[in-house]
Amino acid sequence: MSFISKLEYKYGKYAIPNLNIYLCIVHIIGLLIQMTSPFFYYRYLSLRSLYLMSGQVWRIFTFLFYPPSGGSFVLISALIIYVYYSLSTSLIYVWGNFRFNLYFLTGILGHVLACVILGLLKIDTIISPSYLMFSIFIAYSFTFGDSLFLLFFFIPIKAKYLALFEIALYIYMFIGSGFATRISIVASLLNLLIFFYLIYKDKYGKFSNFLLSIKVEANKLVNDIKRLFTGGR
């Protein structure tokens with residue numbers, strides 16, 4: 001029995017059923033807040049390092065009220081909420097409620113840890129939950145790599161290719177961004193790596209073997225993309 005299976009056997013009864021529905025409701029409320037009072041979230045709800053360290057612990061929970069795309073475009077935000085609901089529903093169907101709860105909770109803890117580190121360093125910054133939500137898409141792509149998305153609503157592309165592009169974007173942002181953004185990116189991706197390793201630990205053994213398997217899969221994706229542009233040659 002794997003480590004996560006043991007945790008599920010012992011604590012599975014405490015998992016929140018259909019957590020993704022509540023997350024979507026939180027995002028909808030956040031979108032309404034953004035539409036009515038754009039600065040309210042940043043002043044009172046966001047995960048801001050120095051404010052958290054000063055005792056405003058409610059921000060550990062309220063920072064999730066951040067709407068997708070920052071609420072700048074209502075229709076796009078609503079579409080993203082729907083997409084994330086669909087993706088997370090599929091993950092819950094395969095993983096079960098406990099593992100989805102654990103995955104999302106460790107993501108939150110990673111962001112809070114990043115915020116505490118920045119606070120201890122006296123760096124005043126706001127950590128957005130955007131990377132946390134993006135990690136759900138990457139988790140979906142790892143689980144359902146051959147499922148199709150319509151890029152720009154008409155170009156069919158597999159989820160694993162989009163995930164590869166997003167990871168490459170993360171790497172680019174990590175290189176070109178400041179310390180606070182780097183901490184946020186590491187927190188979200190580290191959560192992803194640790195969680196998937198714990199799920200497939202019995203299959204891969206050492207963590208180095210797990211990382212090697214990711215490298216092999218990435219090379220396969222790159223070769224697939226090359227074949228797409230070279231007509232299969």
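Name the pairs: first residue in the stretch 135-147 and modelled with pLDDT of 80 or more, second residue among the polar types (S, T, N, Q) and assigned to a helix (DSSP H, G or I), Cβ to Cβ under 7 Å, at least 6 apart or on different chains?
Here the result reads SER135/SER188; SER135/ASN191; ILE136/SER88; TYR140/SER90, each pair linking the stretch 135-147 to a residue that is among the polar types (S, T, N, Q) and assigned to a helix (DSSP H, G or I).
So that you can scan it fast, the table gives a plain yes or no per residue for (1) touching a helix residue (DSSP H, G or I) at 6+ places or on another chain (Cβ under 7 Å); (2) modelled with pLDDT of 85 or more:
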{"site": "SER86", "(1), (2)": "no, yes"}
{"site": "LEU105", "(1), (2)": "no, yes"}
{"site": "GLY119", "(1), (2)": "yes, yes"}
{"site": "ILE123", "(1), (2)": "yes, yes"}
{"site": "PRO129", "(1), (2)": "yes, no"}
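The values are calculated or read from the model by the stated rules, or taken from the named source; none is laboratory data. As the structure is a computational prediction, the values presented were derived from the model and not from experiment. Every residue, glycine among them, receives a Cβ derived from its backbone with ideal geometry; neighbour counts consider all protein chains shown.
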